[in-house]
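The values are calculated or read from the model by the stated rules, or taken from the named source; none is laboratory data. Quick caveat, the model's predicted, so the values are computed rather than measured. In this analysis, Cβ positions are derived from the backbone assuming ideal geometry, glycine residues included, and neighbour counts consider all displayed protein chains. Surface accessibility is based on the protein's heavy atoms, side chains included, excluding ligands, DNA and RNA. Shrake-Rupley method; radii C 1.70, N 1.55, O 1.52, S 1.80 Å.
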Amino acid sequence: MTSAYDRIARFYDVDMARNMRFDDVAFYAHACARARGRVLEIGCGNGRILLPLLAQGIDAFGVDASAPMLKELRRKAAAAGLPLRAARADARRLPFAPGFAAIVCAYSLVTYLTTRRDLDALLTACRALLVPGGLIVVDAFVPRPVAPQAEFTFDYRRAFGAFTLARSKRIRPADDGATNRIERRYELVAGNGHVVETVETVETIRPCAPAELDDAVAAAGFTRASQAWDYGTRPDGEGAQFCTLLARA
């Protein structure tokens, strides 16, 4: 995961950030504000969520494994006049003392943990950092059947400074039967139509069904408080893209 995000850090705000169709930031901010205490965001990246939390006066701190994404975070925080509140760390081995009122694992972070053991390690680490009654907010894509793709398929073209960013991808189930391999190809296209740069990334993700997420959170010592579908925009899971679990330590 780190190497892929290292390579696309400069593209992130016109790439992954714009692919979120829901106002998840407002959802997280509401939950964190109600927690009334220090907040930790795991996988903060370049600050898509962390910076709005800080701008609202929430005492938030972020961690991410990608140094280039954190570099972008520093740049954006400075431009917004916000304090830098982030560090580089592995989500499974969080270098903090207990005392957080809430922890956010946003935008399907858990799918990048490619074994149940990794998921359990993350949730156990979160449990140890929360105050009694502290809140964890964790979400995941609702799994969908994946048909193997032999060729890259076109995703989009978007403006990127003086260039156009074109993305295509190919998804294939891995041989282990539990994970999917996602290959993405980014092309920077000049005004004359010439491709001036190509960046390719490979990610392995492990789909996490709502029932498994619920089980893993309970096994880590949490009590479920509520469940939301597409960040509260759907009454149930029918047709939902995201499942979000809110639980108490």
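Could you please find all residues in segment 91-110 being modelled with pLDDT under 90 and either exposed (fewer than 15 other Cβ atoms within 10 Å of the Cβ) or farther than 14 Å from residue 63 by Cα (or both)? Across segment 91-110, the qualifying residues are 93, 95. What number of residues within segment 124-158 satisfy the criterion of being without any contact (Cβ under 8 Å) to a residue 40 or more places away in the chain and hydroxyl-bearing (Ser, Thr, Tyr)? Summing the residues that are without any contact (Cβ under 8 Å) to a residue 40 or more places away in the chain and hydroxyl-bearing (Ser, Thr, Tyr) in segment 124-158 gives 2. Of the strands (runs of 3 or more DSSP E) entirely within segment 156-249, those holding at least 3 residues that are β-branched (Val, Ile, Thr) and within 17 Å of residue 111 (Cβ to Cβ) occupy 195-205. Each residue in segment 203-242 was checked for being of a type in the set (Val, Ile, Thr) and either open to solvent by 70 Å² or more (accessible area, probe 1.4 Å) or over 26 Å from residue 11 (Cα atoms) (or both), and 3 pass. The residues of segment 159-184 include none that are in contact with a Ser or Thr (Cβ under 7 Å, 6 or more places away or on another chain), free of Cβ contacts under 8 Å to residues at least 24 places away in the same chain and loosely packed, with under 15 Cβ neighbours inside 10 Å. In a residue-by-residue description of segment 70-92, the property of being among the acidic types (Asp, Glu), touching a residue at least 12 places away in the same chain (Cβ under 8 Å), in contact with a helix residue (DSSP H, G or I) (Cβ under 9 Å, 6 or more places away or on another chain) and within 20 Å of residue 49 (Cα to Cα) applies to at least one position.
With respect to being part of a loop (DSSP other than H, G, I, E, B) and more than 27 Å from residue 64 (Cα to Cα), residue 150 fits the description.
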